[in-house]
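Q: Have a look at this one.
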């Protein structure tokens, strides 16, 4: 497992300084059976920050 997970989505609850994801777990899903590109996947861990 990678030491750090980088994320640029700064309106996510789990986003941290240095673009580090602070979530305990990361859940990534595919929209097709065999994804070939990043647009065919999504991070389901995303949770919008409450303002």
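We did not get these values from a lab; they are worked out from the coordinates using the rules stated. Predicted model, so just to flag it, every value in this text is computed and none were measured. Reconstructed Cβ throughout: ideal geometry from the backbone, glycine too, with neighbour counts over all protein chains shown.
Q: For the residues 31, 51, what sequence is obtained by ranking on other C-beta atoms within 10 Å, fewest first?
A: If I rank by nearby Cβ atoms, fewest first, I get 51, 31.
Q: Another one. Along the Cα-to-C-beta direction of residue 22, a point sits 7 Å from the Cα; which residues of segment 35-51 have their amide N less than 17 Å from that point?
A: 45-51
Q: Cut-off 10 angstrom, C-alpha nodes, Gaussian network model of the chain. Which of 11, 19, 34 fluctuates the most?
A: 34
Q: If you rank 37, 42, 4 by fewest surrounding Cβ atoms within 10 Å, what's the result?
A: So the residues, fewest neighbours to most, are 37, 4, 42.
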